[in-house]
Amino acid sequence: MTAINRRIVIFGFGGLARELWGWIRNGKDSALRERVAAFVIDGEPPADPYDGIPVLTRDDAASLGSVEYLLAVSEPAARKRLSAELDARGWVAGNYIHESAMLGVNLSIGRGTIVFPRCSLSSDAAIGEHVLVNGGTAIGHDCIIGSYTSLLGGISVNGNVIIGESVLVGAGAIIYPGKTIGDGAIVGMGSVVFRDVAAGQTVYGNPAKPLG
Ligand SMILES: CC(C)(COP(=O)(O)OP(=O)(O)OC[C@H]1O[C@@H](n2cnc3c(N)ncnc32)[C@H](O)[C@@H]1OP(=O)(O)O)[C@@H](O)C(=O)NCCC(=O)NCCS
């Protein structure tokens with residue numbers, strides 16, 4: 001079986017996973033839709049399929065052979081752990097980029113990265129592996145986004161911003177051009193970030209300040 005026709009599994013069955021299936025299900029790429037074989041979860045799956053797609057455990061999914069997986073889990077640490085575990089099973093990380101995404105030139109997008117509808121990823125930006133770019137997010141020119149980072153939707157990452165690995169940026173945040181957000185930081189929903197954010201720091205508000 002070549003990479004082109006592997007079955008696809010969506011890892012996760014929360015809201016993000018069911019949304020991802022919806023974008024694929026109602027998207028224009030019928031070949032992609034037909035490759036989706038299952039949702040896969042840890043724990044007890046529901047007995048009934050969801051919209052015709054079965055929900056399996058990892059072991060049940062072994063019968064599908066070497067699948068391509070799309071990680072639909074929003075927490076950066078979970079995506080880092082799960083991607084390592086699924087790679088070790090011989091599963092292949094897939095990309096998903098919704099057909100409505102606007103893509104610039106000299107843009108790099110790492111394996112496993114998922115881009116939901118109505119996003120723009122601008123020229124000369126570098127997006128790492130297993131990054132989640134939720135709907136309506138704009139990533140400006142020359143930005144660098146580290147692996148496992150979650151951009152939870154409706155976010156404006158302006159030009160030349162550097163976001164580290166495993167950062168969580170809440171919905172609707174705005175990041176001032178050229179600022180740096182360190183590894184493992186958390187930016188609250190609706191924040192406006194005017195200053196660099198240190199690694200591991202949580203900030204929120206307008207202007208964004210450290211929590212506590
Ligand atoms: C910033 C964040 C991580 C803090 O989470 P937390 O540590 O659990 O904080 P709490 O919910 O206990 O809130 C602590 C205080 O900060 C305030 N606060 C929390 N997040 C805030 C935000 N984004 N903007 C303004 N105030 C906020 C709370 O109102 C609370 O204030 P209070 O003590 O006066 O009532 C979280 O609120 C957040 O914004 N997460 C992102 C969520 C998101 O975008 N989800 C997308 C869905 S897909």
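Each value in this text was obtained by applying a stated rule to the coordinates, not by laboratory testing. Please read these numbers as outputs of a predicted model, since none were measured by experiment. So basically every Cβ, Gly included, is an ideal-geometry build from the backbone, and we count neighbours across all protein chains shown.
Leaving out same-chain residues fewer than 8 places away, which lysines sit with a Cα under 22 Å from that of K179? Cα-Cα hits under 22 Å: K209. Restricting attention to segment 1-95, close to 5% of DSSP beta bridges with both partner residues there are antiparallel.
Take every Cα-Cα distance within segment 96-202, group them into 10 Å bins from 0 onward, and report for each bin the whole-number percent of pairs it holds. Using 10 Å bins, I get a P(r) of 19, 58, 22, 1 for segment 96-202. Compared with the direct C-alpha span, the chain from L211 to R58 gains 51.3 nm at full extension, assuming 0.36 nm per residue.
Looking at the chain alone, DSSP beta bridges between its own residues are antiparallel in about 5 percent of cases. Charges were assigned to the Cβ only: +1 to each Lys and Arg, -1 to each Asp and Glu. The resulting dipole of segment 7-94 about its Cα centre is roughly 280 debye. Candidates A37, I127, A84 compared by Cα position along the dipole of the chain: farthest toward the positive end lies I127, with charges placed on Cβ. Here the Kirkwood formula puts the hydrodynamic radius of segment 7-94 at 13.0 Å, using every distinct Cα pair. Fraction of C-alpha pairs exceeding 26 angstrom in the chain: 34 percent, rounded to a whole number. Between I181 and I162, I163, G164, V197, the built amide H atoms are under 5 Å apart, and every one of these is 5 or more places off in sequence or on another chain. About its Cα centre, the dipole of the chain is roughly 280 debye, where the only charges are +1 on Lys and Arg Cβ and -1 on Asp and Glu Cβ.
Here the Kirkwood formula, the inverse mean of 1/r across different C-alpha pairs, assigns segment 63-141 a hydrodynamic radius of 13.1 Å.
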